[in-house]
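The values are calculated or read from the model by the stated rules, or taken from the named source; none is laboratory data. All of these numbers come straight from a predicted model, not from anything done at the bench. So basically every Cβ, Gly included, is an ideal-geometry build from the backbone, and we count neighbours across all protein chains shown.
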Amino acid sequence: MKLHFTKALVVTLFFASIAMTSWGQQRQFPNSPRGNALGALVAAIETADEAGVRAYVETNLSPALLSSKPASMWINRIGRIRAHVPEMGVRDLAPAGANGLSVTLYSRSLPNEVRVEMQLDPQNSALIADLKFTDRVVESSPLTLEGVQKELTDYLD
């Protein structure tokens, strides 16, 4: 009986992870200035092309933000996200303040994720006034096959 329950649990969690992966691959963001800003950032990260990231930084970051840190710093930081979260998925999309948005970018192949918080410029909602990244390494994720196996192993032992 316990074996049947375990198999059923593994199958259920596996299909749940596929459903979450499918949502992440669709990359549907809200049709709003915040959603557009996030979509442009994710597209820039996924290009992994310095020219594309440079164009994103020069087009989407406010002059005040670029004066606080040089464009080259932002280009390097955005480029490192791609290396940190290969096979990127998106989850935990939420508003942050009146003009902000937060989201977690996670790797489907590594236990890494990056929390992104952005605030749009209140004078020009097409520009990002503040942008923060927080890197994390997660021990295990229940929505990966390895995470399911670890959770089951821990549960059954």
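A few comments on the model shown:
- Note on segment 38-68: among residues that are modelled with pLDDT of 90 or more and hydroxyl-bearing (Ser, Thr, Tyr), the one that is farthest from the chain's Cα centre (by Cα) is SER67.
- Just one of (1) touching a strand residue (DSSP E or B) at 6+ places or on another chain (Cβ under 6 Å); (2) modelled with pLDDT under 90; (3) surrounded by fewer than 18 Cβ atoms within 10 Å (Cβ to Cβ) fails for ALA19. It is (1).
- Unmet requirement for ALA98, which otherwise passes all of (1) of a type in the set (Gly, Ala, Ser); (2) in contact (Cβ under 8 Å) with a residue 60 or more places away in the chain; (3) not in a strand (DSSP E or B): (2)
- Among the residues of segment 95-116, just one is surrounded by fewer than 18 Cβ atoms within 10 Å (Cβ to Cβ), of a type in the set (A, V, I, L, M, F, W, C) and in contact with a Ser or Thr (Cβ under 9 Å, 6 or more places away or on another chain), namely ALA96.
- Count of segment 110-155 residues which are at pLDDT 70 or above and assigned to a loop (DSSP other than H, G, I, E, B): 11
- All conditions but one from (1) over 14 Å from LEU131 (Cα atoms); (2) surrounded by 15 or more Cβ atoms within 10 Å (Cβ to Cβ) apply to GLY35; the one that does not is (2).
- Selection count, segment 38-72, where residues are surrounded by fewer than 14 Cβ atoms within 10 Å (Cβ to Cβ), within 16 Å of MET118 (Cβ to Cβ) and among the aliphatic types (A, V, I, L, M): 2
- Test: residue in segment 69-87 that is farther than 20 Å from SER32 by Cβ, touching a residue at least 60 places away in the same chain (Cβ under 8 Å) and under 14 Å from the mean Cα position of the chain (by Cα): no
- VAL90 meets all of the listed conditions (1) surrounded by fewer than 16 Cβ atoms within 10 Å (Cβ to Cβ); (2) at pLDDT 90 or above; (3) within 18 Å of the chain's Cα centre (by Cα) but one, namely (1).
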